[in-house]
There are 2 protein chains.
Amino acid sequence: MNQTAPIKRKRGRPPKASSAEYRDTRQELITAGLAVLTEKGYSYTGIDEILRKAGVPKGSFYHYFDNKESFGRILIEAYGRYFAGKLDRWFRDSSLSPLQRLGAFVEDAKAGMEKFEFRRGCLIGNLGQEMTALPDAFRALLQDVFRDWERRTAEVLREAQQAGEIAAHTQCDQMAHFFWIGWEGAVLRAKLDQSPQPLDQFTEGFLSLLQGN
Amino acid sequence: MNQTAPIKRKRGRPPKASSAEYRDTRQELITAGLAVLTEKGYSYTGIDEILRKAGVPKGSFYHYFDNKESFGRILIEAYGRYFAGKLDRWFRDSSLSPLQRLGAFVEDAKAGMEKFEFRRGCLIGNLGQEMTALPDAFRALLQDVFRDWERRTAEVLREAQQAGEIAAHTQCDQMAHFFWIGWEGAVLRAKLDQSPQPLDQFTEGFLSLLQGN
DNA sequence: TATAAATTAGACCGATCGTCTATTTAATGA
DNA sequence: TCATTAAATAGACGATCGGTCTAATTTATA
């Protein structure tokens, strides 16, 4: 996010000593790309805007990436991994009960949206919505990410079951699927309303569905 | 949708007799605009694409509308009205119980998505997601539409309450809000998965939340 | 019959899109 | 040490965007 040093970007092959710079430009493009695409999606976003944000000249982009589509694929995978890590961080926190872990994730996600004044949403949700305008190859990637997140969520629900927090007959896989269907809607609405309220409202409903109010 | 007659579009002032044609071009632009924007959203869609789809030359667009933003506002309002009518049609069908009316709406919406092979979603949801890339004036319009749909939905829930289909302590306004938060997520996911399954999954969860299993 | 109103035709502008070639700099191998 | 190659940036390129504008055409109106 922050430019730790005002690195001079120079033409030509970089000196080997500072080989840190080699990866830097590429990583800065990915970071800037995620920032912009979580806000505005893929189709409408121009490469120029990402380059401007990263302070990288246009020629560099096509040195590090084949084209916009390839860049998009890399962003989807990077975001999927990033978010899976975030899920794990909370879902494996044994100092909390399984349902509390779910609640802790929600609070974290809320804070994440608030931090950017609800301008940034979920990359996967954004791209899912504009799927008809996207390269076909994106569909399977986006579906894979959801499958992964749902698998992790189902796992924490099964732990809640074992801990007796939710009924034994609860169908955890289906509930995890339901969560991610509705959660993306809540993120969308939070962006529209510029408020965490939809995230809370959906979470409350989901928890009360889990516990059979 | 279908061109009922192969109307010849002519230059010059139209004859007064067929004053139907006066509104025709304007209406065809709106229809084509809705078709494209429910698929791809606002920002990435060019006016040219809408004109091509409607078979209308560019000069006509700026005769009927001030600019793209104004056109967008008109589409939001048109879609809001269109969908409110669809809601009313089902929610006021007294041959069905209140909860059955909700289910009938869901079936109708599912059929609507299937008809276009899950390429078209909800205009309001689409625009909500890309809000950061939209004219500021759109925000309030989109929120108004959701408020309107939620009001109509809360009404049918209250009727379900009176009919004893759901508990008396159910907070109908909140439940209607929950429905529309999650429903938009389900539409998004149905588009990604090209399947009605997410719509069914969300509806099943919502109904079971309502009935407090 | 002259003028005004309504509509379409399509050229045009500056900006921006994604892509590609040329240039510059440093590492490498003989 | 010097030619060659690898790594990176610079910026041109044609296509297309939203938006505007003038001209052309047709009918209504007075």
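Some notes on this structure:
- Among the residues of region A:42-66, those identified as within 14 Å of chain B (Cβ to nearest Cβ), within 15 Å of DNA strand D (Cβ to nearest atom) and not in a helix (DSSP H, G or I) are A:SER43, A:TYR44, A:THR45, A:GLY46.
- Residue within region B:193-213 that is on the phi > 0 side of the Ramachandran plot, free of Cβ contacts under 8 Å to residues at least 60 places away in the same chain and within 11 Å of chain A (Cβ to nearest Cβ) present: yes
- One residue alone among B:GLY212, B:GLY205 is over 16 Å from B:GLY112 (Cα atoms) and at pLDDT 95 or above, and that residue is B:GLY205.
- Which numbered condition A:THR25 misses (of (1) under 30 Å from A:LEU157 (Cβ atoms); (2) touching a His at 6+ places or on another chain (Cβ under 9 Å)): (1)
- Of all residues in region A:163-192 being free of Cβ contacts under 8 Å to residues at least 12 places away in the same chain and in a helix (DSSP H, G or I), the one that is nearest to B:GLN143 (Cα to Cα): A:LEU192
- The test for being within 15 Å of the chain's Cα centre (by Cα), within 14 Å of chain B (Cβ to nearest Cβ), under 30 Å from A:PHE71 (Cα atoms) and outside any loop (DSSP other than H, G, I, E, B) does not hold for A:ARG152.
- For the criterion of being within 15 Å of B:PRO198 (Cβ to Cβ) and either modelled with pLDDT under 95 or at the interface with chain B (Cβ under 7 Å from one of its Cβ atoms) (or both), A:ALA186 passes.
- Where helices (runs of 4 or more DSSP H) sit wholly within region A:67-131, those with at least 3 residues that are farther than 20 Å from A:GLU150 by Cα occupy A:68-91, A:98-115.
- Single unsatisfied condition, B:ASP136 versus (1) more than 10 Å from chain A (Cβ to nearest Cβ); (2) at pLDDT 95 or above: (2)
- Checklist (1) under 20 Å from B:CYS122 (Cα atoms); (2) surrounded by fewer than 20 Cβ atoms within 10 Å (Cβ to Cβ) applied to B:PRO57, failing item: (1)
- Condition met for B:LYS8 (out of contact with any Asp or Glu (no Cβ under 8 Å at 6 or more places or on another chain) and either within 14 Å of chain A (Cβ to nearest Cβ) or modelled with pLDDT of 95 or more (or both)): no
The values are calculated or read from the model by the stated rules, or taken from the named source; none is laboratory data. Note that this is a predicted model, so its numbers are computed, not measured. Note: ideal-geometry Cβ built from the backbone for every residue, glycine included; neighbour counts use all protein chains shown.
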